[in-house]
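J.: Got a structure for you, written out below as structure tokens; questions coming shortly.
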Amino acid sequence: MNNTPKGGSCWQLIFNSTDCYPADFSNFIEDYFTTSSLDYTDDGSEQLSAYADMSFNEDNFREEAALRGVTIPPYEKKLLESSNWLKDYVMEFAPVEIADFLIYGIHEHTAPKTDKIPLQIYAATAFGSEHPTTRCCIEALCDLYHQGFHPKQILDMGTGSGILALAAAKLWPKGCRITAVDIDDEAVIVTMQNAATNHIEHNLSVAQSVGYDSPLVGQHAPYDLIFSNILARPLIDMAPQLYQSLRKGGVCILSGFVAEQEDWVITAHLQQGLKLKQIYKIDDWRAAVMEK
């Protein structure tokens with residue numbers, strides 16, 4: 001969230017998907033629009049959407065981009081009709097059950113009745129909460145928990161909304177320290193907000209980091225459990241740092257890649273000395289559990 005949102009209808013701009021949007025474009029979109037969201041298509045490409053109130057001026061948008069030297073990719077512009085677009089199209093989502101958890105939005109005043117573990121998430125920057133890779137990772141976390149795994153130090157690399165870090169904090173509430181980092185400053189803020197909403201901020205440290213470069217990551221290493229739900233290329237690039245940061249006998253959960261990328265991601269980590277324990281599959285998406 002960048003500006004104060006207004007009620008009524010809104011414009012949605014859906015930009016053509018790509019492997020990775022340029023940083024200058026992503027930063028411009030975040031600054032210019034009231035709300036933006038990044039999701040992933042079935043082939044693993046990034047899909048950026050932006051939301052603006054009815055005062056949005058397309059000529060001004062293009063002029064501002066040109067002044068900053070930003071190239072705007074092709075996009076589709078749609079009118080979302082509503083009396084309160086932020087509430088109807090961004091903030092609200094139906095509660096969803098994933099493994100041991102029930103995930104619901106901040107628009108719910110009370111937690112839905114459930115025998116599962118409740119997690120309340122600010123959905124405007126957590127569109128991926130129901131994404132297949134998120135589901136795979138939560139299922140893997142829950143399986144580790146039921147197998148008797150008890151990590152003392154956990155790292156969430158590329159935390160996003162913090163949903164996986166929050167799930168881990170709920171599963172292992174005592175004797176466990178969780179470090180969550182993301183390249184995006186807004187993700188850090190949202191993760192801290194979500195942690196406070198769920199009353200689990202006491203055992204969670206959050207910081208901005210380009211990969212493993214944050215001093216906070218090194219401070220709490222080595223880790224018993226590392227999970228990273230990002231994309232295939234950064235997973236491959238960071239495989240050596242993941243191996244160095246993982247304790248012997250430690251486990252990692254890797255996701256954010258599709259079936260045709262599975263061999264590349266797995267091989268990159270096998271070459272570091274990790275062993276494959278299990279693959280999780282939902283549609284074309286994959287998650288891998290590996291052990292040092």
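The values are calculated or read from the model by the stated rules, or taken from the named source; none is laboratory data. None of these values were measured; they are calculated from a predicted model. In this analysis, Cβ positions are derived from the backbone assuming ideal geometry, glycine residues included, and neighbour counts consider all displayed protein chains. What goes into the accessible areas is simple: the full protein's heavy atoms, side chains included, and nothing from ligands, DNA or RNA. Shrake-Rupley method; radii C 1.70, N 1.55, O 1.52, S 1.80 Å.
J.: Protein chains only, probe 1.4 Å: how do W11, W285, W264 rank by accessible area, largest first?
T.: Sorted descending by solvent-accessible area, the residues read W264, W11, W285.
J.: Considering Cα pairs under 8 angstrom that are at least six residues apart, work out the relative contact order of region 156-292 and quote it in whole percent.
T.: Relative contact order comes out at 20 percent.
J.: At 1.4 Å probe radius, can you tell me the per residue accessible area of the chain in Å²?
T.: Per-residue accessible area for the chain comes out at 46 Å².
J.: Here's a follow-up. Ratio to report: Rg/Rh of region 152-242, with Cα atoms as the point set and Rh obtained by the Kirkwood method; give two decimals.
T.: That ratio equals 0.93.
J.: Taking the simple approach of a point 7 Å from Cα along Cα-to-Cβ for both N203 and R233, what is their distance in nm?
T.: That separation, rounded to one decimal, is 3.7 nm.
J.: Still on this structure, please answer the following. Mind checking which of T114, T18, T197 has the largest fluctuation in a GNM of the chain, springs on alpha carbons under 10 Å?
T.: T114
J.: Follow-up. Relative contact order (percent) for region 149-213, with alpha-carbon contacts under 8 angstrom and 6 or more residues of separation?
T.: Value for region 149-213: 37 percent.
J.: Tell me, in nm to one decimal, what length is gained between D115 and T267 on full extension, where the rule is 0.36 nm per residue of separation less the Cα-Cα distance?
T.: Using 0.36 nm per residue and subtracting the Cα-Cα distance, I get 50.8 nm.
J.: Ok, one more. Just to confirm my numbers, what's the Cα centroid distance between region 196-239 and region 140-182 in Å?
T.: 10
J.: Something else: With springs only between Cα atoms under 10 Å apart, run a GNM on the chain and tell me which of P240, P95, P215 wobbles the most.
T.: P215
J.: Figure the gain on full extension for K77 and I279 (residue separation times 0.36 nm, minus the Cα-Cα span) and round it to one decimal in nm.
T.: 68.9 nm
J.: Continuing with this model, one more query. So what is the relative contact order for the chain, in percent, with contacts set as C-alpha pairs under 8 Å and at least six apart? Walk me through the numbers before you get to the answer.
T.: Details: 576 pairs, mean separation 40.9, N = 292.
After rounding, I find 14 percent.
J.: If I model a spin label as a point 7 Å beyond the Cα along the Cα-Cβ vector, how far apart are those points for S45 and V96 in nm?
T.: 2.2
J.: So in region 220-292, what percent of DSSP beta bridges are antiparallel if you round to the nearest 5? Provide the component values of the computation, followed by the final result.
T.: Details: 14 of 20 bridges.
Close to 70 percent.
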